[in-house]
1. For the pair Ala140 and Ala180, how long in nm is the line joining their label points, each one 7 Å along Cα→Cβ?
2. Can you find, among Ser108, Val82, Val93, the residue sitting farthest towards the positive end of the charge dipole of segment 56-120, where Lys and Arg contribute +1 and Asp and Glu -1 at Cβ?
3. Most exposed first by the Cβ proxy, i.e. fewest other Cβ within 10 Å, how do Met153, Met62, Met56 rank?
4. Going by how many other beta carbons lie within 10 Å of each one, how would you line up Tyr184, Tyr142, fewest first?
5. Give me the dipole magnitude in Debye, nearest 20, for segment 157-197 about the Cα centre, with unit charges on the beta carbon: positive for Lys and Arg, negative for Asp and Glu.
6. When the gyration tensor of segment 35-143 is built from Cα positions, what are the square roots of 5 times its three eigenvalues, in whole Å, from largest to smallest?
7. Given a Förster radius of 41 Å and the C-beta distance between Asn114 and Leu74 as r, what FRET efficiency does 1/(1 + (r/R0)^6) yield to the nearest 0.05?
8. Taking the Cβ-Cβ separation of Val97 and Ala124 as r and a Förster radius of 35 Å, what is the calculated FRET efficiency to the nearest 0.05?
Amino acid sequence: MRTRLLMTAFALAVGCTQADRKTRTSDSSQMAAVRACGGDSSLLDGDHAGALRLGMPLDSAMALCPSARDTVTLDEGERVRVLSNSDRGDTLVVRIVSDRIHSIIVRSRRFHTNDSLRAGTPVARLLSIPALTGGAGEGAFYVWSDDKSVCGMSFRLDDRTADAMFRIRHVTRRTLEPFAGAGYVTAILVRGCPPTR
């Protein structure tokens, strides 16, 4: 009995040490991916994701994202030039127009707003945003608000929630409430906050 307890304790200690080592390795790999595209900062707002800013020249973006693929894709039936960087789930898609960053799609949980909104955020967290509305666009369903806390950002909803929202003519906090528990954000579109008047 004592031998079995010692063997179990040893196995747990070794397993924890290996898990800790894997976690440290995984964390350092994820940090390297963020640094490789977006700089050291993981802060997100309506005008930037990390060091990537709307309006930034393509060559500057390429310098920040040396591993990004410069390619053309179809978006809502139109050919669009994008830089795509994906490493271990940290995904950024940078849309390029006239050799400058036009918008950024953030699918990475590493990037977050000051209020900790990020990909994976439950719909319940979005319900506290004033004047929340939504609509179809960019091949998906997004919600947004002109409130200064989220100005310039649109939040892409998961497919199940999006399917229900497509059938609703006017999206409001009330129409989103039934999805507070199961719905979540799959990506954040950084599209630019208009200057205040």
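1. 2.4 nm
2. Value computed over the given set: Ser108.
3. Met62, Met56, Met153
4. Tyr184, Tyr142
5. Here segment 157-197 has a charge dipole of around 300 debye.
6. 23, 18, 12
7. E between Asn114 and Leu74, to the nearest 0.05, is 0.75.
8. 0.50
Readers should treat all values here as calculations from the given coordinates under stated rules, not as data from a laboratory. Owing to the predicted nature of the structure, the values given are computational and were not obtained by experimental measurement. Cβ sites come from the backbone with ideal geometry, for glycine too, and all protein chains shown count toward neighbours.
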